[in-house]
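The numbers here are math on the coordinates, done by the rules we state, and not lab data. Fair warning: this is a prediction, and the values are worked out from it, not measured in the lab. Cβ placement follows ideal geometry from the backbone for every residue including glycine, while neighbour counts extend to all protein chains displayed.
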Amino acid sequence: MENTPFIHIENLSYSYVGEDGQPIPVLKNLSLDIREGEYVVILGHNGSGKSTLAKLLNMVLDDYTFAEGKITVDGLDVMSPDLTDGDVLNLRKNVGMVFQNPDNQLVATVVEEDVAFGPENLGIPQPELRTRVDEALATVGMSAYARHEPHRLSGGQKQRVAIAGIIAMKPRCMIFDESTAMLDPVGRKEVLETIEKLNRDEGITVISITHYMDEAARADRVIVLSDGHLMLDGTPGEVFTHSDTLRKAGLDLPQCTAVSQYLTTQGIPVCGEINTPKQCAEAILNAWGRI
Amino acid sequence: MKGFAFGQYYPANSVLHRMDPRAKVICAVAYIVASFLCKNTFSFVLLILSTIALILLSRIPMKVVLRSVRALIFIMAFTAVLNIFWIVDTSEGAVPLVDFYFITIYAKGIYHAAFILIRILAMVIGTGLFLTYTTTPIALTDALESLLRPLTAIKVPVHAFSMMMTIALRFIPTIMEETEKIMSAQKARGADFTTGSLGRRAKALIPIIVPLFASAFRRADELATAMECRCYHGGEGRTKLRILRYHVRDFVAMFFVALFIGGIVAINIFGRKYGWLYTM
Amino acid sequence: MKKNKAPRPSSGEIGTDTAVASAVIMNQADHPKLRLENINYYYGKGTPFEVKALDGISLDIHAGKLTGIIGHTGSGKSTLVQLLNGLARPGEGRVLLDGEDIWARPKEIGKIRYRVGLVMQYPEYQLFEETVFADIAYGPRNMGLSEEEIKERVYKAAAFAGVGIDLLEKSPFDLSGGQKRRVAIAGIMAMEPEVLVLDEPAAGLDPQGRHTIFQGILEYNRTTGCTVLIVSHSMEDMAQYCDDVVVMAHAKILMAGDRDYVFGRADELEAVGLDIPQVTKLCQLLRRGGMPMPAGLYTVDAAQETLVRLFSEAKGKKGGGRS
């Protein structure tokens with residue numbers, strides 16, 4: 001068990017069906033393993049195929065005409081033609097997904113009823129249902145809003161409610177598909193802290209899709225996709241050293257990483273893993289002190 | 001925009017607010033039936049008294065209650081006038097109160113007009129108090145789903161209807177807000193919705209309607225995906241967070257409404273028998 | 001990474017008293033393009049839910065400059081933006097465009113909207129025409145321009161906004177998110193307003209999309225001389241592209257001035273919970289750590305140059321002392 005990855009992707013290729021029935025390739029020969037408990041960020045420009053990948057894991061794409069390769073989630077072959085409805089439900093229960101637009105994923109007119117939507121679908125009986133809803137709201141810090149109407153909440157709050165709606169299904173893995181892209185800085189911070197908490201305290205495997213480099217800097221592992229190819233895979237520090245590849249993939253380095261790399265090229269040795277202003281300042285001050 | 005509230009729900013803490021929505025739906029229907037059963041002066045007096053009692057019970061200010069009636073003033077006035085002028089008393093010895101060229105008014109016409117006014121008022125206020133004022137739209141949806149559940153036996157998709165209602169209620173404020181945004185955006189591009197001929201104004205709405213539909217479809221698509229991800233697979237095997245439960249107060253309320261209907265029926269029977277006051 | 005640093009005309013006097021709630025960008029060299037005078041704005045006035053969205057705002061926006069407006073959600077910046085083109089009417093106070101009250105003739109407020117073009121948040125949701133060309137032409141057509149002039153303006157605006165000629169005959173609904181955004185921006189640019197206001201023009205776009213949009217806006221500002229206002233959460237973008245910056249907090253103006261002035265007050269920005277550019281944060285930390293970092297470093301390029309200079313100077317001193 002220890003060594004089998006939670007998600008195993010092997011030679012995965014996927015194409016959308018174009019207007020004339022021709023395949024439009026999105027993912028090209030991708031192989032990837034994600035272990036349980038990891039916090040993985042998938043980076044890529046718009047159209048790099050990162051959202052398609054996420055949707056494949058959860059089986060919410062409806063056209064598998066041009067899908068090749070293999071995906072297994074917790075040992076279950078997701079692309080197998082003889083999956084039962086029960087298998088699909090179980091997969092979606094285990095791998096929850098939070099989307100970009102907070103408005104378009106809340107179903108009910110009261111926060112707690114929205115959180116209950118998933119477990120209700122799973123047929124969780126009372127009183128466990130009640131407990132799950134209350135616990136999920138507490139985890140995302142939205143207990144005080146249980147009886148509120150979702151449309152009156154801020155973007156960050158809505159997104160936290162959406163997260164609670166997934167947690168209440170007790171998933172083992174959560175995918176965030178650009179869940180912070182439409183939020184203001186305050187909302188982003190709230191959501192990022194919630195995501196980290198889920199990974200750290202609840203042990204949930206997190207796959208976060210984004211194009212914000214500072215979010216990538218906080219993850220255990222960063223995967224860079226560009227035009228359907230896997231470009232880089234490693235810790236944030238490792239990935240950020242490949243600044244040329246990142247730029248080719250349409251991504252920016254975090255400003256501090258860029259500064260430290262530039263200084264190193266200028267003969268000022270600024271060493272160590274540098275992803276945040278604090279790390280960068282320490283490294284530069286170190287070099288300054290050595291002069 | 002921010003103060004927008006759907007429906008007429010008026011938050012307060014009253015017996016009516018706390019009643020089970022199913023009991024309220026049943027009471028509202030019974031109340032409509034009762035107001036139609038009213039036939040003579042006594043029963044209409046009873047109807048007026050019960051309506052006043054309901055308003056007091058609901059703790060909703062008179063002003064708010066009357067606001068809902070205001071919209072119906074025209075219809076009420078129209079029906080009343082119609083009754084006054086058109087009703088001809090054909091009974092023996094009936095003498096018109098006014099007989100002036102083509103205008104003839106009988107006492108019966110005036111009674112009829114008054115009765116119908118009272119009936120409309122009582123129905124509107126009564127159902128309003130039981131349903132829209134004291135019950136949130138979502139509780140109402142739950143109640144209807146629960147009351148209509150027997151219909152699933154004859155393949156009526158009750159759950160699907162109630163899901164649709166819920167989603168509609170959830171998205172109405174969102175779409176209203178969006179409409180406002182799109183209108184502002186087009187105004188900023190020189191759109192003018194207020195001047196010109198009717199045809200021109202209708203055409204000016206295209207820049208609103210097209211983006212609105214496009215966005216509604218996009219939302220529907222994303223919502224469907226999100227619901228699938230949250231294991232939605234129809235009503236089968238679903239549990240519910242909020243379970244509707246009848247309390248003693250619901251049975252008491254339904255008992256009183258039943259008593260009320262019984263009273264009216266009795267008044268009708270005895271009224272006819274003993275020729276009490278005026279009968280419709 | 002080389003970042004395009006445009007030449008900036010130096011500003012004149014700068015308000016230095018930060019205790020004053022509503023500072024004014026002072027610049028005597030040119031007249032203010034837009035002036036806000038003691039503006040109060042309320043939502044739900046007279047109801048129990050009354051909220052004061054703008055509280056005694058006075059502000060000058062200078063002709064030809066690129067001004068950034070920053071602040072939290074709910075700080076009043078979106079309301080402010082809607083006041084500028086007459087989409088919202090101030091409860092109290094006046095909005096002056098070239099010295100004239102825009103509400104002097106309320107019936108002609110439509111004309112003000114051609115002079116002050118507003119690109120709202122997520123403007124791609126306003127596209128409705130069958131072709132991109134027709135959509136960009138919607139504004140100019142409402143202005144009653146000739147077909148020839150409309151065509152000319154559409155091409156010009158498309159070029160500035162980075163909409164390729166090949167896209168003009170496509171349906172706007174077939175474009176990618178970033179392309180749609182640029183089409184919507186071109187739709188306002190094609191009206192050739194004297195002031196262009198953009199509310200979060202790059203929200204939700206990937207880094208490349210952001211650069212394209214900001215570069216386009218910068219170029220538009222520099223070539224046409226059009227006064228541009230940008231509302232954004234991204235401090236990094238603001239620091240890189242804006243001449244002047246207005247900071248809003250709690251329905252008031254916290255500070256306003258050129259970018260040296262505003263980003264030189266990083267501590268105050270942080271105190272109201274605003275992020276500061278990573279580089280600015282870095283310089284702040286280095287200063288605290290004892291390095292002689294000058295103030296006003298907020299772009300990667302500037303910080304890199306300064307650091308390299310400091311290190312070589314320090315090495316030079318050491319080396320000189322030894323020999």
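A few notes on this one:
- Nearest-ten-degree value, helix C:300-322 long axis tilted from longest Cα axis of chain C: 10
- Put a plus charge on the Cβ of each Lys and Arg, a minus charge on the Cβ of each Asp and Glu, and nothing anywhere else: the dipole of the range A:76-173 about its Cα centre is then about 360 debye.
- Dipole size of the protein assembly as shown about its Cα centre, with +1 on Lys/Arg Cβ and -1 on Asp/Glu Cβ: approximately 2620 debye, rounded to the nearest 20.
- Amide H partners (placed H, <5 Å) of A:His148, local residues excluded: A:Val111, A:Glu112
- What the Cβ-Cβ distance of B:Ala214 and A:Leu61 gives, at R0 = 30 Å and to the nearest 0.05, is a FRET efficiency of 0.85.
- Residue order, fewest to most beta carbons within 10 Å, for A:Val239, B:Val45: B:Val45, A:Val239
- Here the gap between B:Arg242 and B:Ile32, fully extended at 0.36 nm per residue and compared with their Cα-Cα distance, gives a gain of 72.8 nm.
- Given charges at Cβ of Lys, Arg, Asp, Glu: the range A:7-253 dipole, positive-most of A:Ser51, A:Met97, A:Thr109: A:Thr109
- Dipole of chain C computed with +1 at Lys/Arg Cβ and -1 at Asp/Glu Cβ about the Cα centre; of C:Leu66, C:Ile102, C:Phe311, farthest Cα towards the positive end is C:Phe311.
- With Cα atoms, 0 to 90° folded angle of helix B:158-188 axis to chain B main axis: 70
- Distant-in-sequence amide H partners of A:Ser226 (H built 1.01 Å from N, under 5 Å): A:Met231
- Angle of helix A:255-265 to the longest C-alpha principal axis of chain A, folded into 0 to 90 degrees and rounded to 10: 30°.
- The modelled label-to-label distance for the pair C:Thr131/B:Glu92, using points 7 Å beyond Cα in the direction of Cβ, is 8.7 nm.
- Between the range C:51-88 and the range A:1-44, the alpha-carbon center distance in angstrom: 45
- Using R0 = 60 Å, the C-beta based FRET efficiency linking B:Thr195 and B:Thr152 works out to 0.70.
- Between B:Arg59 and C:Lys170, the simple spin-label model (points 7 angstrom out along Cα→Cβ) gives 6.0 nm.
- HN-Hα J in Hz across the range B:121-130 - Karplus 6.51, -1.76, 1.60, θ = phi - 60°, x for Gly and Pro: 4, 5, 5, 5, 5, x, 5, x, 5, 6
- Between the listed residues A:Ile34, A:Cys271, B:Val124, the Cα displaced farthest toward the positive end of the dipole of the protein assembly as shown, a dipole computed from Cβ unit charges relative to the Cα centre, is found at B:Val124.
- Taking amide H as placed 1.01 Å from N in the peptide plane, the amide H of A:Ser208 sits under 5 Å from that of A:Val40, A:Val41, A:Ile42, A:Phe176, each at least 5 places away or on another chain.
- By the beta-carbon count within 10 Å of each Cβ, the least crowded to most crowded order of A:Cys173, A:Cys271, A:Cys280, fewest first, is A:Cys271, A:Cys173, A:Cys280.
- Under the Karplus curve 6.51 cos²θ - 1.76 cosθ + 1.60, θ = phi - 60°, whole-Hz ³J(HN,Hα) for the range A:238-243, x wherever Gly or Pro sits: 5, 5, 5, 6, 8, 5
- Placing unit charges on the Cβ atoms only, positive for Lys and Arg and negative for Asp and Glu, gives chain A a dipole magnitude near 820 debye about its Cα centre.
- Per-residue 3J(HN,Hα) values for the range B:246-259, derived from phi via the Karplus relation 6.51 cos²θ - 1.76 cosθ + 1.60 with θ = phi - 60°, read 6, 10, 4, 4, 5, 5, 4, 4, 5, 4, 5, 5, 5, 4 Hz in sequence order (x marks Gly and Pro).
- Cysteines (scope chain A) whose Cβ has no counterpart Cys Cβ under 4.7 Å: A:Cys173, A:Cys271
- Considering only beta bridges that DSSP places wholly inside the range C:32-276, some 55 percent are antiparallel.
- Approximate spin-label separation C:Glu305-C:Phe49, in nm, with each point projected 7 Å along Cα-to-Cβ: 5.2
- Working from Cα pairs under 8 Å separated by at least six residues, relative contact order for chain C is 22 percent.
- Potential extension, A:Asp201-A:Ile24 segment - 0.36 nm per residue separation minus Cα distance: 59.7 nm
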